[in-house]
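Student: Sharing a structure below in structure tokens format, with a few things to ask.
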Amino acid sequence: MSATKRFTAASAVAAAVLSTLATAPVAVATAAPVLNTPVASHHLIGPGGLIQHSTSGNWAGYAATGSTFTSVSASWVQPAVSCGSATTYSSFWIGIDGDGSNSVEQTGTEADCSGGRAYYSSWYEMYPAYPVNYSNTVSPGDHFTSTVSVSGSTFTLTLTDVTRGWTKTTTKSSSTAKKYSAEVIAEAPSSSTGVLPLSNFGTASFTNSTANGQPIGNFSPDRINMASGSTTKATTSALSGGGNFSVTWNHS
């Protein structure tokens, strides 16, 4: 792949719209999303020419490249966010594409703050189309499992809240998807003005992360930390067991 990595933004909630959610249930936030595509600032090339350690303005986690990817899966526990007076955002998701390509097929959860209150939600996205929010209740501590798979041009995006017992399965087609990457990510969503402030989510733990049915570690994936200039916003741990890791919040 080229030395320049593109990181496609996940579900992003516009600050101007989220500020109207004061009367919405705490468990669900619905708002019109916007998109952005920031670029990684630094990277380390490992054996075989694969990028194995990089920083991004909005991503933290692991991204596998160097193959054709037809599936990705992972589990995580929905983090609880600590909210102050600032409006902040965070999302947790799995997807295919977005690293080295201009599309991304993904699904996950959101944890945002507005007016001192926390808002939790779930969504899927077929970038460059806007993300779509699910209406199901999401609460901190909920255990999620998720799979994104593709057969031909048909993508199946499945998100399950094991704690609450609901599953959302969405089937979409894309004739432009490149299947260049598979990733498991914590993200600072973006608006038209750039990357939004990152919610203090503490630590997000991901387990059983796989790509093409194998532990994601088998692909020597890129370990990504989130940073803006000299400020580290989120730090990704080393992989254990080939597919388990955590992302820790450092700064908004």
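Student: So what are the ³J(HN,Hα) numbers for region 77-91, from phi and the Karplus equation (6.51, -1.76, 1.60; θ = phi - 60°), rounded to whole Hz, Gly and Pro as x?
Tutor: Values, residue by residue: 9, 4, x, 8, 9, 9, 10, x, 7, 7, 8, 9, 8, 7, 9 Hz.
Student: Accessible area of region 75-116 with a 1.4 Å probe: how many percent of it is carbon plus sulfur?
Tutor: Within region 75-116, the accessible surface is 47 percent carbon and sulfur.
Student: Tell me, what is the 1.4 Å probe accessible area of residue 83, in Å² to the nearest 10?
Tutor: Only protein atoms counted, so the area is about 40 Å².
Student: Mind giving me the nanometre distance, one decimal, between the label points for residue 240 and residue 220, set 7 Å out from Cα along Cα→Cβ?
Tutor: It works out to 2.5 nm between the two label points.
Student: Per 10 Å bin, what percent of the C-alpha pairs of region 141-189 does each bin hold, from zero upward?
Tutor: 21, 44, 30, 5
The values are calculated or read from the model by the stated rules, or taken from the named source; none is laboratory data. Note that this is a predicted model, so its numbers are computed, not measured. Note that we place each Cβ from the backbone using ideal geometry, even for glycine, and neighbour counts take in every protein chain shown. Areas reflect the complete protein model, heavy atoms only, side chains present, ligands, DNA and RNA absent. Shrake-Rupley method; radii C 1.70, N 1.55, O 1.52, S 1.80 Å.
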